[in-house]
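Okay, structure first, notes after.
The values are calculated or read from the model by the stated rules, or taken from the named source; none is laboratory data. These numbers come from a predicted model, not from an experiment. Here the Cβ positions follow ideal geometry from the backbone for every residue, glycine too, while neighbour counts run over all protein chains shown. SASA here: full protein model, heavy atoms, side chains in, ligands and nucleic acids out. Shrake-Rupley method; radii C 1.70, N 1.55, O 1.52, S 1.80 Å.
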Amino acid sequence: MISSEPPQEATGPLPFAATVAEVYSALYRHAGPLLWCLSLPVALSIIFLVIASTQIQSPSAYVLWYLFLAVPTTMLGVPWLRLLLLGPAAEPLTVFSNFGERHWTFLKFNFLISLITLPLIFLQFWLEAGGLGAIEAGPEGGPPADSFNAPFEDGEGTGLLSDDLVYWTVYLPLFYIQLRLSFVLPAVAVDEHYGFAESWRHTQPLAGRLFLIAVIAVLGPWLLWFYSPSWSDSAGWQLIAFLFYHGTIFLHQAALFALLAFAFRSTTGWVPAPDRNVLQRFE
């Protein structure tokens, strides 16, 4: 289907194995340019968090950092989604891209979607004050960001702690809502006229499958690393873990964007609009 307006209902299936394979295949095929494209968002995230945490007390510093993440994820999301949907000839990955009208529209929707999991920032400090343990929000309201060794340090056990259970009980329903609204991101990246209502409608037939794929293929590998035991408690290792953590925020986000791109294309029947220059030759 060639149209600037996606169809009213989902038009294709979302095969589990094929979709997971396509996500990881995209990350592998474009690994070099993608890692280079990640460098600026990662640097901006680290710099902003360091400055905010030295100037403002928690939780305000982390709230500002979390809200700021919409900017570097937009810088990653627009060229990455356009590459996946339009191909490398139409949109090569670059570190610096013009922040034009398309980016501002993407940023608006990206920011609004991120607000859904903003309450998790306050949940972490409530749990902290209640003695259930510290949790610090991660990518897009994701897993904790402060404790790189939890929950395996200080003899706290080998399973999820009670604060982790509370966190994930709240996080997963919010993540589901985010997924239902997130088709707007690939649509906006390729200049479609699209909104939250269309995204909610198009994801309705495949909501459970999309959520399951996202949890297993996108969140799963990130959590395996996060909850793995620490190799060292030295300051040097903690610095490496801190830098690596910020890198994984955006690698995790790239995987999520890839899933959204393939799901959007598969289930809405979207294809790129015809090249105007080519059409003019036949007029």
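Details
- For peptides 74-80, 209-215, 51-57, sequence by mean Cβ density within 10 Å, most packed first: 74-80, 209-215, 51-57
- Residue order by solvent-accessible surface for Glu192, Glu128 is Glu128, Glu192, largest first, with ligands and nucleic acids left out and a 1.4 Å probe.
- Cβ-derived FRET efficiency at R0 25 Å, Ile56 paired with Ala235, nearest 0.05: 0.60
- With each label modelled as a point 7 angstrom along the Cα→C-beta vector, the Trp36-Leu118 pair spans 3.7 nm.
- Phe122 contributes an accessible area of around 110 Å² to the protein surface, as traced by a 1.4 Å probe with all chains present.
- In this structure Leu174 has an accessible area near 40 Å², from a 1.4 Å probe over the protein heavy atoms.
- Model label zone, Phe111; criterion: amide N under 14 Å from point 7 Å along Cα-to-beta-carbon; scope region 60-86: 64-75
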